[in-house]
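The values are calculated or read from the model by the stated rules, or taken from the named source; none is laboratory data. In this text, all values refer to a predicted model and were calculated from it rather than measured experimentally. Cβ: placed from backbone, ideal geometry, glycine included. Neighbour counts: every protein chain shown.
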Amino acid sequence: MESDLESTIEQRKDVLRRVKEGLIVRLNLYQIVNQIDDDTPLFGSGLKLDSVDATELLVMLDEEFGIQVSESEDPFYLRSVNSLASFIISRQTKTNKN
């Protein structure tokens, strides 16, 4: 049981790190991974991303994580770094169960 929890924690840390690295590289952010808080909003007062950046995020999801998102899906996962990581983990879990 403890091993499952540790594995889940490590998976989340890895996804968060990869998301932050992807944001920095793909969107030319002048920050390092440790400067981006997990709860930082992606748009608005947070990282101040725009619609062009949102498109790049969708490309990142596909290329980095193998996740394709349809236009009809609710973009709830774009609220914050944490919500994006949760979305990725959820999709990976569904894929691994199938």
Segment 39-48 - residue that is closer than 11 Å to R79 by Cα and not polar (S, T, N, Q) and, of those, surrounded by the fewest Cβ atoms within 10 Å (Cβ to Cβ): G44
Cβ pairs under 9 Å, 6+ apart, first in segment 1-14 and within 14 Å of I89 (Cβ to Cβ), second assigned to a helix (DSSP H, G or I) and modelled with pLDDT of 90 or more: T8/I89; Q11/I89; R12/A85; R12/S86; R12/I89
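Given the condition of a type in the set (K, R), in a helix (DSSP H, G or I) and touching a Ser or Thr at 6+ places or on another chain (Cβ under 9 Å), answer yes or no: does some residue in segment 26-44 qualify?
Step one: list which residues in segment 26-44 are of a type in the set (K, R), which gives 26.
Checking the rest, the ones that are also in a helix (DSSP H, G or I) come to 26.
Okay, now just the ones that are also touching a Ser or Thr at 6+ places or on another chain (Cβ under 9 Å), so none.
No, segment 26-44 has no match at all.
What tally of residues in segment 49-98 results from selecting those that are assigned to a loop (DSSP other than H, G, I, E, B) and within 17 Å of E21 (Cβ to Cβ)? Steps first, answer last, please.
Taking segment 49-98 as the starting set, the residues that turn out to be assigned to a loop (DSSP other than H, G, I, E, B) are 50, 66-74, 79, 98.
Retained after the next criterion (residues that are within 17 Å of E21 (Cβ to Cβ)): 66-67.
So the answer is 2.
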Boolean, S72 is loosely packed, with under 14 Cβ neighbours inside 10 Å, modelled with pLDDT under 90 and either small (G, A, S) or under 17 Å from D14 (Cβ atoms) (or both): yes
